[in-house]
Amino acid sequence: MSDDHTRVQEFFTARAADWDSRFPDDGPAYGAAVADLGLREGDRVLDAGCGTGRALTPLRAAVGPSGVVVGADLTLAMLQAAVRAGRDRFGRLLLADVAALPLRSESLDAVFGAGLIAHLPHPGENLRELARVVRPGGRLALFHPIGRAALAARQGRRITPEDLRAEPNLRLLLTGSGWRMTSYVDEDDRFLALAVRES
């Protein structure tokens, strides 16, 4: 396992037990982002870096009982928190690295990633792996319940021009990884970039 993976696991393991209580009001933002992803009854969707599974409930509601919802995360403690919260009822949980998913190519209709991009050790390669498991024309949502400026202020830092989530940087990154950005919103109360898997 790389040092990047170890750091991510250590960061989230230390925060897993109280993660949901630190952000108790994010539910509606998750629901709105899932709605914008445009899922249909019977779709197959991955919550990449699912953490405590806060997106699993709206994802299940969007795809219905005939759909498939999978939540994958690198950190066992986050998945255990998802189980304690009862969110494993809404999707299958996998202890897995989004850089090497144990899923067939083109087996999904969509990927949802909340807070994901900042924790990817090799964003281009990792987004290509997400593209691999999605059918051509499938969709990707990169989401955060607050915008870049608000998140930076919360963390006591400044946004730099190199920020991967800046629109021109993210658009270029997605284009080079098999995706075409279709929408970009960066407001105080939400960040949401939507993309379509290219053929």
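The values are calculated or read from the model by the stated rules, or taken from the named source; none is laboratory data. Everything quoted here is computed from the prediction, not taken from an experiment. Positions of Cβ are backbone-derived with ideal geometry, glycine not excepted, and every protein chain shown enters the neighbour counts. Side chains included, ligands, DNA and RNA excluded: accessible areas come from the protein's heavy atoms. Shrake-Rupley method; radii C 1.70, N 1.55, O 1.52, S 1.80 Å.
Cα centroid separation, the stretch 115-192 to the stretch 1-62: 15 Å. Within the stretch 164-195, name every residue whose backbone N is under 16 Å away from a label modeled 7 Å from Cα of R7 along the Cβ vector. Correct set: 164.
Surface calculation, 1.4 Å probe, protein heavy atoms: S177 sits at approximately 10 Å² accessible. Spacing of the modelled spin labels on L76 and A149, each 7 Å from Cα toward Cβ, amounts to 4.3 nm. Nonpolar atom fraction for the chain, defined as the carbon and sulfur part of the 1.4 Å probe accessible area, stands at 52 percent. The antiparallel fraction among DSSP beta bridges confined to the stretch 1-197 stands at about 45%. Remark: the chain carries 47 Å² of accessible area per residue (probe radius 1.4 Å; ligands, DNA and RNA excluded). Under 5 Å between amide hydrogens, built in the peptide plane, is the criterion, and for L93 it picks out G71 among residues at least 5 positions away or on other chains. Membrane-span-like helices in the chain, defined purely by DSSP H runs whose alpha carbon atoms cover 24 Å or more axially and whose average Kyte-Doolittle hydropathy reaches 0.0, do not occur. About its Cα centre, the dipole of the chain is roughly 280 debye, where the only charges are +1 on Lys and Arg Cβ and -1 on Asp and Glu Cβ.
Of the labelled figures [x] 44, 39, 35; [y] 69, 51, 37; [z] 78, 38, 38, only one reflects Cα extents along the principal axes in Å as derived from the coordinates, namely [x].
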